[in-house]
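The values are calculated or read from the model by the stated rules, or taken from the named source; none is laboratory data. For clarity, every value in this text was computed on a predicted model and none was experimentally measured. Here Cβ is always computed from backbone atoms with ideal geometry, including for glycine, and neighbour counts include all displayed protein chains. Please note that ligands, DNA and RNA were not included when accessible areas were found on the heavy atoms of the full protein model with its side chains. Shrake-Rupley method; radii C 1.70, N 1.55, O 1.52, S 1.80 Å.
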Amino acid sequence: MEKNQLRIEEKEYVWEHPQSYWNQCHCSTLVVNEKGDLLVAYFAGTREGAPDLAIWLSRRIQGVWQEPRKIAEAYGLCHYNPLLHYQDGRVWLFYKRGLDVPRWYTMVCHSDDFGANWTLPQELIPGDHTPRCSSKNKILVAQDGAWMGPCSVERERTWDCYIDISRDYGRTWEKHEIPFRHGEQEGEGIIAWEGIADLWEANPEIVLKWDGVIQPSLWESRPGVFSCLMRSTRGKLYRSDSQDGGNTWCQAYATDLDNNNSGIDLVRLPNGTLVLVYNPVSGNWTFRSPLSISLSRDDGKTWSKPWHLETEPGEFSYPAIIYHEGWIHVTYTDRRKHIVYCKLGIRGEA
């Protein structure tokens, strides 16, 4: 990546002193409206997996962050992985609820005043107690108007991805599996990431047996042609492609991009450049620093050298990235104590 091609225009916490509200926070999502106001949602509570884990919201209105507030909770049921989607003046909030990750399912509510008030949450698909719509990353609105939801399921031993497609603004969904060959390489070795203790399940004898891919991040190369990158247990990001509008996907295959079995996200700019934010670290459950950005101008075949957002020791993870009117907006977890917001520009790209 050329020197100084990326620049940080703004960088700040969504709230300076959050510990009066929660002990840990994680997994942010963001949207921006026509006025430039921001919404950032995340889960927070005592720790991941605790019965007080709830969905919280930070609003930045006219450049000022408002006091964070809890917008979804049900004590005893953990609340995970919120996803915000903004379109035609309405904000949708999707999130996971359940006793643990293998048993979580998707809830939804919406706001017509940019997060000031919300409808009562309801099951996304009544009676379907499986994760639907998205596991972490944003919905991609396809060129034909369809909503493409990047989703995954985390079973006791295997992880798998699928794409949920809605053609009626999220009222109904169709699941399209991404094939993945399990058993070629079982998760094994040692856990180098000290933050493993913060997961909902921290027993190495269980964690190292998980095998597969989760949390896809989508882009559309041309009408009806889609690809995604996925987090994996195998030290690299995996990719799958669809040539038929997302109905069928090729066997997931490894890329050259390092992955530490932590979340990623990407966005496609209007000129076709892909902007990926991730931890460029190889291995299963390895370090979550640095947090970096790489660019691709050839539809993800090759990527630039990582440009670092964070390099200090500790956890900098689970980024979310969107593009709006010439600017790139990113949020991510800072050592489970803060959510960071960055506004970025790319010379000659935006």
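Quickly run through the stretch 248-282 and pick out the residues that are outside any loop (DSSP other than H, G, I, E, B), open to solvent by 50 Å² or more (accessible area, probe 1.4 Å) and farther than 19 Å from Val330 by Cα. Across the stretch 248-282, the qualifying residues are Tyr253, Ala254, Asp256. Restricting the stretch 221-247 to residues that are open to solvent by less than 10 Å² (accessible area, probe 1.4 Å) and assigned to a loop (DSSP other than H, G, I, E, B), the residue that is farthest from Lys175 (Cα to Cα) is Gly235. Residue count for the stretch 88-125 under the criterion of being in contact with a strand residue (DSSP E or B) (Cβ under 7 Å, 6 or more places away or on another chain) and either assigned to a strand (DSSP E or B) or among the small types (Gly, Ala, Ser) (or both): the result is 19. When the stretch 40-79 is filtered for residues that are open to solvent by 60 Å² or more (accessible area, probe 1.4 Å), part of a loop (DSSP other than H, G, I, E, B) and either farther than 12 Å from Gly98 by Cα or touching a Cys at 6+ places or on another chain (Cβ under 6 Å) (or both), the ones remaining, listed by number, are Thr46, Arg47, Gln62, Gln66, Glu67.
Condition (residue is under 21 Å from Ile139 (Cβ atoms), in contact with a strand residue (DSSP E or B) (Cβ under 8 Å, 6 or more places away or on another chain) and of a type outside the set (A, V, I, L, M)) applied to the stretch 285-297: is it met by at least one residue? Looking through the stretch 285-297, none of the residues is under 21 Å from Ile139 (Cβ atoms), in contact with a strand residue (DSSP E or B) (Cβ under 8 Å, 6 or more places away or on another chain) and of a type outside the set (A, V, I, L, M).
For Ser135, the requirement of being in a loop (DSSP other than H, G, I, E, B), among the small types (Gly, Ala, Ser) and either touching a strand residue (DSSP E or B) at 6+ places or on another chain (Cβ under 9 Å) or over 17 Å from Ala72 (Cβ atoms) (or both) is met. Checking the stated criteria, Trp92 turns out to be within 16 Å of the chain's Cα centre (by Cα), within 29 Å of Lys343 (Cβ to Cβ) and modelled with pLDDT of 95 or more.
Examine the stretch 283-301 for a residue that is open to solvent by 20 Å² or more (accessible area, probe 1.4 Å), acidic (Asp, Glu), at pLDDT 95 or above and farther than 30 Å from Glu174 by Cβ, and state whether such a residue exists. Yes, there is a match, as at least one residue in the stretch 283-301 is open to solvent by 20 Å² or more (accessible area, probe 1.4 Å), acidic (Asp, Glu), at pLDDT 95 or above and farther than 30 Å from Glu174 by Cβ. Mind checking which residues of the stretch 14-39 are touching a Ser or Thr at 6+ places or on another chain (Cβ under 6 Å), in a strand (DSSP E or B) and within 20 Å of Leu344 (Cβ to Cβ)? Correct list: Ser28, Leu30.
Scanning the stretch 208-217 turns up at least one residue that is surrounded by 15 or more Cβ atoms within 10 Å (Cβ to Cβ), touching a His at 6+ places or on another chain (Cβ under 8 Å) and at pLDDT 95 or above. Inside the stretch 158-196, residues that are touching a helix residue (DSSP H, G or I) at 6+ places or on another chain (Cβ under 9 Å) and part of a loop (DSSP other than H, G, I, E, B) make up a count of 3. If you go through the stretch 39-50 one residue at a time, do you hit one that is touching a strand residue (DSSP E or B) at 6+ places or on another chain (Cβ under 9 Å), among the aliphatic types (A, V, I, L, M) and under 19 Å from Cys133 (Cα atoms)? Checked against the condition, which is being touching a strand residue (DSSP E or B) at 6+ places or on another chain (Cβ under 9 Å), among the aliphatic types (A, V, I, L, M) and under 19 Å from Cys133 (Cα atoms), the stretch 39-50 yields at least one hit. The residues of the stretch 131-156 that are closer than 21 Å to Ser232 by Cβ and either hydrophobic (A, V, I, L, M, F, W, C) or loosely packed, with under 14 Cβ neighbours inside 10 Å (or both), listed by number, are Leu140, Met148, Cys151, Val153, Arg155, Glu156.
Within the stretch 28-38, not a single residue is open to solvent by less than 10 Å² (accessible area, probe 1.4 Å), in contact with a strand residue (DSSP E or B) (Cβ under 6 Å, 6 or more places away or on another chain) and without any contact (Cβ under 8 Å) to a residue 60 or more places away in the chain. Go through the stretch 81-103 and give me each residue that's open to solvent by 10 Å² or more (accessible area, probe 1.4 Å) and at negative phi. The answer is His85, Tyr86, Gln87, Arg90, Trp92, Arg97, Leu99, Asp100, Pro102, Arg103. Considering the stretch 302-320, and only residues there that are in contact (Cβ under 8 Å) with a residue 24 or more places away in the chain and among the hydroxyl-bearing types (Ser, Thr, Tyr), the residue that is surrounded by the fewest Cβ atoms within 10 Å (Cβ to Cβ) turns out to be Ser304.
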